[in-house]
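The values are calculated or read from the model by the stated rules, or taken from the named source; none is laboratory data. Computed from a predicted structure; not experimentally measured. Counting neighbours? That spans all protein chains shown, and the Cβs are built from the backbone with ideal geometry, glycine included. Quick note on the areas: whole protein, heavy atoms, side chains included, nothing else; ligands and nucleic acids left out. Shrake-Rupley method; radii C 1.70, N 1.55, O 1.52, S 1.80 Å.
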Amino acid sequence: MSDLNDLKMLLESRYPIVVIETWEELRALDLIRRLGMREGRPVFAWNGVDGLRRLEFEDAPSQKHTVEPDAVLGQIRGTNEPGIYALCDLHPYLEGEPKQVRLLKEIALHHERLHHTLVLISHQFSIPPEIRRYCTRFSLSMPDEKQLEHIVQDEARRFKQEKGERVRADRNSLDRLVRNLRGLSVEDARKLARGAIIHDGAITEADLPEINKAKFALMEMDGVLSYEYDTESFADVGGLQGLKDWLGKREQAFHGQTDIDSPRGIMMVGVQGGGKSLAAKAVAGLWGLPLLRMDMGAIYNKFFGESERNVREALELAETMSPCVLWIDEIEKGIAVGDNDGGTSRRVLGTLLTWMAENQSQVFLVATANDIERLPPELIRKGRLDEIFFVDLPSPAVREVIFRIHLEKRGQAPERFDLPTLSAHSDGFTGAEIEQAVVAGLYSASAADGVLDQALLEAELAATVPLSVTMAESLARLRQWCQGRAVHAGA
Ligand SMILES: Nc1ncnc2c1ncn2[C@@H]1O[C@H](COP(=O)(O)OP(=O)(O)OP(=O)(O)O)[C@@H](O)[C@H]1O
């Protein structure tokens, strides 16, 4: 790892303040200590409990009078001997504290005279605008696959010493485990590897979903990306045969098992409740990949900060989680044409398009959209996505399958029902509406202390006015828009 050299270069480029966002405080401090010793510069560490102390000497006493942040910053400002000051968890003391921010700025302003370097170490650090131009960010490097494999082997050795048993593993599972640990710090990778080994003394494919969930939790994306625990199987999706065939043909290429270009993503447009979300979940289920969902609403949430940064970070996280499926639900909400928001949605779209053009990682994008009129043309231009699928209302045969799926899911034997008649009575219904009719029928049956039967289901269907009727015009527009632009997901 060349962290030492990289940090040295940063210091030499005379930035007065270096910000390190990390959970690995001890590793960051060790790096700074080594750098100080190599460069012959005194190094100090501070936190709000112990105050300041010399970092090079293990038993150096703490200067208790510097526990308060303004005391320590005041002392640094007043010292002429140039030093490196690692300030841990200073971030809460800067919020709404103009005095502290000013002191930081003073030290930065007099950098040419004082030659102090402040290294601010926190798990998260938002730089106050007053000092932004004096700051630079530094990231600790993450272990590469070779180092990760060493970590896993270390843990396997430790297991053997403690339990007297060898860890069972095949090459393929080990490789996949190592790949899935990418993007984690040494400490976290070790923790997850230990977790995978400890419960059964083996490394198997079955460990991977747990590893992915735990890894995602460690990454803390605060609502912009969520980990979808329930992926679906395509067996639970009625119809969409065209989409299923398309995906089936590309699975090997996605996993890098052929020389053909890896597929990068699809968009699904269609009526509400037509099964687009269900299909997105089924892609992950079919390919055995974790499913991450990007919430366009959260990207614009002011509490989460700058929108483009949120998108960038979410995409980076998806890359770290690769191979995975990234599902952007209702994509038009975040990047709609004509949004009057001071250009934010244009910038978010730009960030997304750049990523789509440059993405080399195994992240398969599944975007779903309801409102095609708000979709920016750049996004749907040929070549951006591998395919645009139109999810239309289900055909009579598919409606039968959907009835079967939802009856079976609720413990109702489909043989007890006349499925062709139910299908005939549900012309124009979406999958969601068929499911709703089954659920409503079950409620009615239970209220009457009876069982669900054909008559109850037919009554529920007769009482429903499907969206395709109330929104006939927009459905017609959608179908027209899709001609020549999208392929039929059901074909
Ligand atoms: N083709 C289908 N096969 C089986 N179930 C379906 C199908 N289509 C819809 N459903 C049922 O309806 C529910 C809602 O559908 P889903 O959320 O996938 O639709 P959608 O097109 O994403 O709708 P929206 O645009 O409103 O989010 C699904 O969870 C599923 O239970």
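When both residues are 6+ apart or on different chains and their Cβ atoms are under 9 Å apart, which pairs have a first residue that lies in the range 243-256 and is among the aromatic types (Phe, Trp, Tyr), and a second that is assigned to a helix (DSSP H, G or I) and buried (at least 18 other Cβ atoms within 10 Å of the Cβ)?
Between residues of the range 243-256 that are among the aromatic types (Phe, Trp, Tyr) and residues that are assigned to a helix (DSSP H, G or I) and buried (at least 18 other Cβ atoms within 10 Å of the Cβ), the close pairs are Phe254/Leu247; Phe254/Trp287.
Which ranges mark the helices (runs of 4 or more DSSP H) fully within the range 410-491 that have 2 or more residues being open to solvent by 30 Å² or more (accessible area, probe 1.4 Å) and hydrophobic (A, V, I, L, M, F, W, C)? Write out each step before concluding.
Working: elements: 419-425, 431-447, 454-462, 467-470, 472-482.
The qualifying helices (runs of 4 or more DSSP H) are 431-447, 454-462, 467-470, 472-482.
Test of understanding: among Thr344, Thr354, which residue is open to solvent by less than 30 Å² (accessible area, probe 1.4 Å), of a type in the set (Val, Ile, Thr) and under 25 Å from the mean Cα position of the chain (by Cα)? Steps first, answer last, please.
Numbers: Thr354 fails: open to solvent by less than 30 Å² (accessible area, probe 1.4 Å).
Matching residue, one of Thr344, Thr354: Thr344.
Take the range 224-261 and flag every residue that is open to solvent by less than 20 Å² (accessible area, probe 1.4 Å), more than 12 Å from the ligand (Cβ to nearest atom) and of a type in the set (Val, Ile, Thr).
Filtering the range 224-261 for residues open to solvent by less than 20 Å² (accessible area, probe 1.4 Å) gives 224-225, 237-240, 242-243, 247, 253-254.
Still in the running and more than 12 Å from the ligand (Cβ to nearest atom): 224-225, 242, 247, 253-254.
Result: Val224, single match.
Taking only the range 1-21 into account, find how many residues are touching a strand residue (DSSP E or B) at 6+ places or on another chain (Cβ under 7 Å) and open to solvent by 20 Å² or more (accessible area, probe 1.4 Å).
4
Any idea which residue in the range 134-151 is farthest from Leu11 (Cα to Cα), counting only those that are touching a Ser or Thr at 6+ places or on another chain (Cβ under 8 Å) and open to solvent by less than 20 Å² (accessible area, probe 1.4 Å)?
Ranking the candidates gives Pro143 first.
What single numbered condition from (1) within 21 Å of Gln124 (Cα to Cα); (2) open to solvent by less than 60 Å² (accessible area, probe 1.4 Å) fails to hold for Gly36?
Every listed condition holds for Gly36 apart from (1).
For the structure I just gave you, tell me whether Phe417 is away from the ligand (no atom under 14 Å from the Cβ) and among the aromatic types (Phe, Trp, Tyr).
Numbers: away from the ligand (no atom under 14 Å from the Cβ): yes; among the aromatic types (Phe, Trp, Tyr): yes.
For Phe417, the condition - away from the ligand (no atom under 14 Å from the Cβ) and among the aromatic types (Phe, Trp, Tyr) - is met.
For the range 368-379, which positions are within 11 Å of the ligand (Cβ to nearest atom) and assigned to a loop (DSSP other than H, G, I, E, B)? Steps first, answer last, please.
Pass one, the range 368-379, residues within 11 Å of the ligand (Cβ to nearest atom): 368-371.
Across the range 368-379, the qualifying residues are Asn370, Asp371.
Enumerate the helices (runs of 4 or more DSSP H) found wholly within the range 106-187, keeping only those where 2 or more residues are farther than 28 Å from Ile211 by Cβ. Quick ask: steps written out before the conclusion?
On the way: elements: 111-114, 145-163, 171-180.
Qualifying helices (runs of 4 or more DSSP H): 111-114.
Yes or no, residue by residue, for (1) of a type outside the set (A, V, I, L, M); (2) open to solvent by less than 10 Å² (accessible area, probe 1.4 Å); (3) in contact with a helix residue (DSSP H, G or I) (Cβ under 6 Å, 6 or more places away or on another chain); (4) within 11 Å of the ligand (Cβ to nearest atom):
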residue: Trp327; (1), (2), (3), (4): yes, yes, yes, yes
residue: Val348; (1), (2), (3), (4): no, yes, yes, no
residue: Glu358; (1), (2), (3), (4): yes, no, no, no
residue: Arg381; (1), (2), (3), (4): yes, no, no, no
residue: Ala397; (1), (2), (3), (4): no, no, no, no
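I need the strands (runs of 3 or more DSSP E) fully contained in the range 223-303, keeping only those with at least 3 residues that are of a type outside the set (Val, Ile, Thr) and at pLDDT below 85.
Details: elements: 225-228, 265-270, 291-294.
Answer list for the range 223-303: 225-228.
Considering every residue within the range 308-316, establish whether at least one is open to solvent by 10 Å² or more (accessible area, probe 1.4 Å) and over 18 Å from Asn359 (Cα atoms).
Scanning the range 308-316, I find no residue that is open to solvent by 10 Å² or more (accessible area, probe 1.4 Å) and over 18 Å from Asn359 (Cα atoms), so the answer is no.
Which residues, taken from the range 112-126, are under 17 Å from Thr79 (Cα atoms) and modelled with pLDDT of 90 or more?
His116, Thr117, Leu118, Val119
Just give me the residues in the range 267-307 being away from the ligand (no atom under 16 Å from the Cβ), in contact (Cβ under 8 Å) with a residue 12 or more places away in the chain and open to solvent by 30 Å² or more (accessible area, probe 1.4 Å), in sequence order.
Within the range 267-307, Tyr300, Asn301, Phe304, Gly305 meet the criteria.
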